[in-house]
Amino acid sequence: MRFIVTKRRASCTWRSLPAAMALALCLLSALLGLAACGQQGSDNRPERGNSPAVLRVPSQFSSIQKAVDSARSGDMVLVSSGVYRESVTIRTPRIVLRGTNRSKVVVDGEFQRANGITVTGAASVVENLTVRNNLANGLLFTGVTDEALQGAGAGGADYDPLDTAKFPALRGFRASYVTAYNNALYGIYAFDARNGVIEYSYGSGHADSGIYVGQCKPCNTVVRKNRTEHNAVGIEVTNASEDLYFLDNTIRRNRVGMTVLSNNLEALGPQHDAVFIGNTISDNNDDQSPEQADGGFGIGVGISGGRHNRFERNRVEGNRAGAFVLRDEQGYPVLGNRIQDNAVGDGQLGLAMMAARTGGNCYIGNGRTQTSPHPLPRVVTECSARDTAVPVRGNLPQLGTIPPGVSFRAVPPPPAQAGMQHAAHAPARPALQLPGKVDVTVYHLPQPGR
C-alpha cells in the first residue's frame, strides 16, 4: 500500500459571477448585514506621511483586496467581522493582513475561486482569520509570481519542476492564528518560500494536506504549535530541506499523519535534514476525511526518499497501519533518518522498513513495539552508518477494506479556534528576521491524550 500523495492537475477553473448576479448578491448580503459587500468604504488610503497606516475593512475599504492594493510597505490591513467572498493577493512587501476575530473574519472561496489568499510580497503576514471553500489552496506563500501557476500547484501545471532562477524564493513569511478548512488541495501552503513561521494555526478538510512545506533549501522555517485533523494528510514535507523545524504540532485524526518526501515532480530533491520534535501524531485512521490520491490510511509518519531527518520526543500512537514507514521513492533511497526516543504506542507497528537497504537509518529507544521485518537489521537498531542490504523487506499489516474518503466539501466546519489576543490594537509585526533562534531543547515529549 502506498502512502504518498500523487501530484495531479486540479480540475478547477477561475470563474467570476456575471455582473448582474454579483450585484444581486451584494444587495442580499447588505440586507443580511454581511461586511463583504458593504458600501461603507472610501477605498482611499489614510495619509500618514511616511508612517505605517492601518487600513480598515469595511469601514474604509469595501473589500480586502482594495485595502491590500492601497497598502504600502509596513501598513496593516485590519479586517472586521464578516464573510468576504473574494480572493486576495498580497504583492507588496511587509504587509500585515489581520482579522479582528479569527472565527468571524472569513475569506470564502464559495467553491468557485482557486486560492483564498496568495502572498508573494516578502516579509508579509496573514493572521487571525479563517479561509475556506477554495478549489485549490487556502493560504499560499510563494515566490511564484505568475498567477497562471498558482492554482493546482505553485510549481505549475502537472507539477513540472519550478524554474528557481525565474522564481526565486519568497523571503520572509508568517501565518499565525489562521484557520483553513475545506479547500480542495492545501490549507496553508508554503512553496518556494523561506525564512518563515507557521504557528498557532489549524487545517481540516483538505484533499491533500492541512499544512504543506515544499521546495525550499535552506528553508529556514519553523512550523510550530499547529493542529491538523480530518485531512488526507496532516502535514506534508516535499523537497524541503535544511534549517526546517516541526515542533509541538498536534497531527491527529487524518488518514495519514505526516509524509516526508523526495520526488522529481518538484525542484531541489532530495528532501533532507529536517527536525521533528515534540509533536503528537495520533489516531490517523479517519474515514471521514478526504481520500488521499494513493489511498494511504492509518500511517503516522511516512518517509519516502527523505534523508537525514531527525525524529525525537514525538508521541506517535493509535495509527492502525504503523507509526513510521521508510521506503525509497523515484530513485531517491531513504537514508540516514534518525528515529530515536519517541513514545510509540502499543497496538501499532512501530516501524516498517520497506527500503532495499538500511541506508544508515536508525531506530532506537522507541519502546518495545513490533517492527517489520522483525528483528530489524542490527545496523538499524545500533544506529550504524554502515549501509547493508535489507534481507527481508518490511510490510504493512493488512487492514482489510480501506474506507472510502469523503468530499472535501462535506467535512464539517471546525469549532472556533483560540484567536490572537488584542488583535484590534496590537501593533503590526512584519515577517522580518524569522524564524530567529530555534532552541529545540525546550520541546519535550507530549503528554498522552493531547
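The residues of region 385-434 that are in contact with a strand residue (DSSP E or B) (Cβ under 8 Å, 6 or more places away or on another chain), surrounded by 19 or more Cβ atoms within 10 Å (Cβ to Cβ) and closer than 22 Å to Tyr186 by Cα, listed by number, are Val411, Pro414, Gly419, Ala431.
Evaluation of Cys216 against the conditions (1) more than 26 Å from His308 (Cα to Cα); (2) modelled with pLDDT of 95 or more shows that the sole unmet condition is (1). May I ask you to list the residues in region 254-276 that are closer than 21 Å to Lys217 by Cβ, surrounded by 24 or more Cβ atoms within 10 Å (Cβ to Cβ) and not small (Gly, Ala, Ser)? If the condition is that a residue be closer than 21 Å to Lys217 by Cβ, surrounded by 24 or more Cβ atoms within 10 Å (Cβ to Cβ) and not small (Gly, Ala, Ser), then Met258, Thr259, Val260, Leu261, Glu266, Gln271, Phe276 are the ones that fit. Within region 344-357, is even one residue among the acidic types (Asp, Glu), in a loop (DSSP other than H, G, I, E, B), farther than 28 Å from Arg102 by Cα and in contact with a Ser or Thr (Cβ under 8 Å, 6 or more places away or on another chain)? Yes, that holds for at least one residue.
Within region 363-371, is there a residue that is hydroxyl-bearing (Ser, Thr, Tyr), surrounded by 14 or more Cβ atoms within 10 Å (Cβ to Cβ) and in a loop (DSSP other than H, G, I, E, B)?
Step one: of region 363-371, the residues hydroxyl-bearing (Ser, Thr, Tyr) are 363, 369, 371.
If we keep only those that are surrounded by 14 or more Cβ atoms within 10 Å (Cβ to Cβ) as well, we get 363, 369, 371.
Going one step further and asking which of them are in a loop (DSSP other than H, G, I, E, B), we end up with 369.
Checked region 363-371: at least one residue is hydroxyl-bearing (Ser, Thr, Tyr), surrounded by 14 or more Cβ atoms within 10 Å (Cβ to Cβ) and in a loop (DSSP other than H, G, I, E, B).
Output the number of residues of region 275-311 satisfying the condition of being part of a strand (DSSP E or B) and touching a residue at least 40 places away in the same chain (Cβ under 8 Å). If you could, list the steps in order and put the result at the bottom.
As a first pass, look at region 275-311 and keep what is part of a strand (DSSP E or B): 275-277, 280-282, 299-305, 307, 310-311.
Subset that is touching a residue at least 40 places away in the same chain (Cβ under 8 Å): 275, 277, 280-282, 299-305, 307.
Within region 275-311, residues that are part of a strand (DSSP E or B) and touching a residue at least 40 places away in the same chain (Cβ under 8 Å) number 13.
For region 179-238, a tally of residues being part of a strand (DSSP E or B) and either touching a helix residue (DSSP H, G or I) at 6+ places or on another chain (Cβ under 9 Å) or of a type outside the set (A, V, I, L, M, F, W, C) (or both) returns 25.
The single residue among Lys225, Lys217 that is touching a residue at least 24 places away in the same chain (Cβ under 8 Å), more than 12 Å from the chain's Cα centre (by Cα), surrounded by fewer than 24 Cβ atoms within 10 Å (Cβ to Cβ) and under 26 Å from Pro414 (Cα atoms) turns out to be Lys225.
Each row is one residue, and each column tells you yes or no for (1) under 30 Å from Ser59 (Cβ atoms); (2) at pLDDT below 95; (3) of a type in the set (Lys, Arg); (4) part of a loop (DSSP other than H, G, I, E, B).
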site	(1), (2), (3), (4)
Cys383	no, no, no, yes
Gln398	no, yes, no, yes
Pro412	no, no, no, yes
Ala416	yes, no, no, yes
Gln421	yes, no, no, yes
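Here is a yes/no grid of residues against (1) touching a residue at least 60 places away in the same chain (Cβ under 8 Å); (2) touching a strand residue (DSSP E or B) at 6+ places or on another chain (Cβ under 8 Å):
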{"residue": "Arg56", "(1), (2)": "no, yes"}
{"residue": "Ser59", "(1), (2)": "no, no"}
{"residue": "Gln65", "(1), (2)": "no, yes"}
{"residue": "Ala71", "(1), (2)": "no, yes"}
{"residue": "Gly74", "(1), (2)": "yes, no"}
{"residue": "Arg85", "(1), (2)": "yes, yes"}
{"residue": "Thr89", "(1), (2)": "no, yes"}
{"residue": "Thr92", "(1), (2)": "no, yes"}
{"residue": "Leu97", "(1), (2)": "no, yes"}
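The values are calculated or read from the model by the stated rules, or taken from the named source; none is laboratory data. Everything numeric in this text was worked out from a predicted model, so none of it was measured. FYI the Cβ positions are ideal-geometry reconstructions off the backbone, even for glycines, and counts take in every protein chain you see.
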